[in-house]
Amino acid sequence: MDDLNAWKPLAREHRGITLALAGFIASLRPQAVPAATREVLAKAVVDAIGCGLYGLTTPWGRTLRAFAAEQGGPAEAGLWGAAQRVSVGHSVLASGTAIHSFDFDDHSRAKIHPGAVVVPVALALGEREKAPGSVVMAAIAAGYETMNRVSQAANPGRARMRGWHLTGTCGTFAAAATASVILGLDAQTTASALGLAGTQSAGLWAFTTDGSMSKRMHPGRAAQDGVTAALLAARGFEGPRYILEAEDGGFLFAMSDAPRPGRITDGLGERWHADATCFKPHACCGSNHACVDAAILIMREHRLGIDDVERVIAGIPSVVQTQTGFDYEADSVLNAQMSLRYNIAVAMCDGQAYLEQFTRERIVEPRTVALAQRVEIEIDPEIDAAYPEIYGGRVSVVTRDGRTISQRVDYSRGMPENPMPHDEIERKFMSLASVAVGAERAVEILALANSVFDADSMAPLNAVLTASAVAEFPQ
């Protein structure tokens, strides 16, 4: 929208979308959530907890947990891995950060990581409010739906190009929606909670400049702010009930130069965005997974070794070039996880991009770094036009004997079109949780996580998560 005032008629046309979304959230009952959506959300809970337990082994995960323990507050919810109870807000700050601590948590084409925000709120506030599993499931569904719709309405590719990290900016809305269902807020109060959540939205992409820890914190902070918003609204503290569409200072028009407010209500209650949740088999940026899969396929199917490779060309969307196409300098684990060049190179070397590929020792290994420096990046017009509806990528390997071998992947492993089944999510959980708390305790937690939607209370699962001693590893 180049005309400075061109958005005003659009804002007026869609006046009331915040209240409409709030009405959906307030009226959502467990029986309204389709069985297929419930199955995806069940995977999301298992995946989030596994990622969170592993995240507590990282320095940034431990730092936020220690901070939350020091802040304390009323003993409302367990603090994972700390044998301590704290306020709900501090609990979700720590667990949300832990879940996103290794960039292995679920994501969506809306360029968000919903599980890291929504699952901690549902479990912690659900425990405080003594909510049964059915209500917790509905709350998670509301959170996923809200976060996806808000990000889609902001036009995620355009909002991202303005420097926003949408997990942080849209996450506050998701946390408020999740909390509103658990608290049983009516539509007007829920709209107020969304307004209070939106005015606290934050999250900037500057972390790739120096590999800082701020990205890890964004979902934890969004969860904390969204819970605060809902609790304040429940007390009668009023927030702006036109937070999404307001002409002056509304979220959508402040965050994006090309917002799509109609996405908030389009198919609301009929099309469930949680169904399109993407689960990660690779411990790196989801926008890079198509190229990682393509690189692995080329090496495997053509039986190539690293010494056979002269150079590599990756064809990607323009947004991904901005986001992950920077020169690889081997300066931090975060930047290794975000770097398309390193992701492709290490996948070609090792046949995977898992935990072992993102340690401080591995990211500086000379042969892999040298290969990463031979990865060239270009914008593929077809892939660019399809993004972010399709997270595609193309890899071409030029061999030393003069061949060029290309592979395009539109739907990487874990995308809804190429899904990871529940048992594969369980294997991922065990690989992560066993490192953190040992195999025996991991099996116990997995059983409770798998049955959480049928449970009478969140207390048993949270008690085990809180009591589990977590290993510490330098990274």
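Couple of notes before you dig in:
- Matching residues in segment 102-153 - criterion: being small (Gly, Ala, Ser) and closer than 23 Å to ILE264 by Cβ: SER108, ALA110, GLY115, ALA116, ALA122, ALA138, ALA139, ALA141, ALA142, GLY143, SER151, ALA153
- Only listed residue being more than 18 Å from ALA122 (Cα to Cα), touching a residue at least 40 places away in the same chain (Cβ under 8 Å) and assigned by TED's automatic domain parsing to the domain that holds ARG260, chosen from ARG29, ARG62: ARG62
- Of all the residues in segment 115-130, those that are over 16 Å from the mean Cα position of the chain (by Cα) and buried (at least 24 other Cβ atoms within 10 Å of the Cβ) number 5.
- Test for LEU334: is it aliphatic (A, V, I, L, M), crowded, with 17+ Cβ neighbours inside 10 Å and under 27 Å from ALA110 (Cβ atoms): yes
- Subset tally (residues that are under 22 Å from the mean Cα position of the chain (by Cα) and either part of a loop (DSSP other than H, G, I, E, B) or not β-branched (Val, Ile, Thr) (or both)) for segment 226-253: 6
- Residue within segment 362-383 that is under 23 Å from the mean Cα position of the chain (by Cα) and hydroxyl-bearing (Ser, Thr, Tyr) present: no
- Qualifying positions in segment 294-307 - surrounded by fewer than 24 Cβ atoms within 10 Å (Cβ to Cβ) and in a helix (DSSP H, G or I): ILE296, LEU297, ILE298, MET299, ARG300, GLU301, ILE306, ASP307
- Only one of the numbered conditions (1) surrounded by fewer than 24 Cβ atoms within 10 Å (Cβ to Cβ); (2) not in a helix (DSSP H, G or I) is violated by CYS284, and that is (1).
- Every test in (1) more than 15 Å from ARG408 (Cβ to Cβ); (2) modelled with pLDDT of 95 or more is passed by GLY315 save one, and that test is (1).
- Those helices (runs of 4 or more DSSP H) lying entirely in segment 1-85 with at least 3 residues touching a strand residue (DSSP E or B) at 6+ places or on another chain (Cβ under 9 Å) and either modelled with pLDDT of 95 or more or within 30 Å of SER431 (Cα to Cα) (or both): 59-71
- Flag for ALA191 being part of a helix (DSSP H, G or I), within 16 Å of the chain's Cα centre (by Cα) and at negative phi: no
Residue-wise test of (1) in contact with a Gly (Cβ under 7 Å, 6 or more places away or on another chain); (2) under 30 Å from ILE140 (Cβ atoms); (3) not assigned by TED's automatic domain parsing to the domain that holds GLY115.
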| position | (1), (2), (3) |
| --- | --- |
| ALA290 | yes, yes, yes |
| GLU301 | no, no, yes |
| THR322 | no, no, yes |
| GLN337 | no, yes, yes |
| ARG341 | no, no, yes |
| GLU361 | no, no, yes |
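- A single member of GLY184, GLY226, GLY163, GLY171 is surrounded by fewer than 24 Cβ atoms within 10 Å (Cβ to Cβ) and in contact (Cβ under 8 Å) with a residue 24 or more places away in the chain, and it is GLY163.
The values are calculated or read from the model by the stated rules, or taken from the named source; none is laboratory data. Just so it is clear, the model here is predicted, and its values are computed rather than measured. Cβ coordinates were reconstructed from backbone atoms using ideal geometry, including for glycine residues, and neighbour counts include every protein chain displayed.
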